[in-house]
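Data first, discussion second: the structure below is written as structure tokens.
The values are calculated or read from the model by the stated rules, or taken from the named source; none is laboratory data. Predicted model, so just to flag it, every value in this text is computed and none were measured. Note that we place each Cβ from the backbone using ideal geometry, even for glycine, and neighbour counts take in every protein chain shown. Just so you know, the surface numbers come from the protein's heavy atoms only, side chains and all, with ligands and any DNA or RNA stripped out. Shrake-Rupley method; radii C 1.70, N 1.55, O 1.52, S 1.80 Å.
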Amino acid sequence: MRTFPTGVVALTSVREGRPVGATLGSFFSISLRPALVGFSISRDSATWRSIGRSGRLGIDVLAFDQESVGLALAASGDDKFEGISWRWSDNGLPIIDGCNAHFECRVENCHRAGDHFIVVARVEEVRRLRDVPPLVHCDRNFHQLAVVSAHYAGS
């Protein structure tokens, strides 16, 4: 599967008044009416245990120049947001500065699938924040796809 490129998002929420987050490469649209998105996350994820309890989450679509954010949130540890520029949304969820878009969601369903959960979340709010190429992950590395870059250069 590592040969298939995916977009990179940051999954965020709040635990005990502090931001928590993880990097995901398995984010996808499910439905427009109602607005539903999905993602897959490891059943062993400490971040998911925190987010799953609250049921509220943010999803930030990372931009091509946010590789350091993707790496920081992919690491293990309690203070993944140290060194990441972010702010609170009006609804009390972290928004990572410089991301392309921010989704605020509520968990609707969570299904066991092998060593992962497949999560379905209802989108409650969306903000388009930036219009640059997305961060892409393929073969264990972050990339900026030339095709995506050409699209944005021509707009």
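Structural remarks
- Residue 130 meets all of the listed conditions (1) in contact with a Gly (Cβ under 7 Å, 6 or more places away or on another chain); (2) in a strand (DSSP E or B) but one, namely (2).
- Any chance residue 10 is crowded, with 19+ Cβ neighbours inside 10 Å, in contact with a helix residue (DSSP H, G or I) (Cβ under 6 Å, 6 or more places away or on another chain) and either over 23 Å from residue 132 (Cα atoms) or not β-branched (Val, Ile, Thr) (or both): yes
- Residues satisfying the stated conditions in the range 15-73, i.e. on the phi > 0 side of the Ramachandran plot and free of Cβ contacts under 8 Å to residues at least 24 places away in the same chain: 16, 17
- Tally of residues being open to solvent by 60 Å² or more (accessible area, probe 1.4 Å) and either farther than 13 Å from residue 121 by Cα or in contact with a Gly (Cβ under 6 Å, 6 or more places away or on another chain) (or both) across the range 18-42: 3
- Residue 19 vs. criteria more than 20 Å from residue 140 (Cα to Cα) and part of a loop (DSSP other than H, G, I, E, B): no
- Set 76, 45, 50: member being over 23 Å from residue 132 (Cβ atoms), in contact with a helix residue (DSSP H, G or I) (Cβ under 9 Å, 6 or more places away or on another chain) and surrounded by 12 or more Cβ atoms within 10 Å (Cβ to Cβ): 45
- Counted residues, the range 53-63 - those being over 11 Å from residue 105 (Cβ atoms) and either part of a strand (DSSP E or B) or open to solvent by 20 Å² or more (accessible area, probe 1.4 Å) (or both): 5
- Residue match in the range 28-50 (condition: more than 13 Å from residue 12 (Cα to Cα) and in a helix (DSSP H, G or I)): no
- Restricting the range 125-155 to residues that are at pLDDT 90 or above and basic (Lys, Arg), the residue that is least open to solvent (accessible area, probe 1.4 Å): 127
- Condition check for residue 3 on (1) in contact (Cβ under 8 Å) with a residue 60 or more places away in the chain; (2) open to solvent by 20 Å² or more (accessible area, probe 1.4 Å); (3) among the polar types (S, T, N, Q); (4) closer than 18 Å to residue 102 by Cα: one failure, at (4).
- The single condition among (1) at pLDDT below 95; (2) under 16 Å from residue 23 (Cβ atoms); (3) part of a helix (DSSP H, G or I) that residue 83 does not meet is (3).
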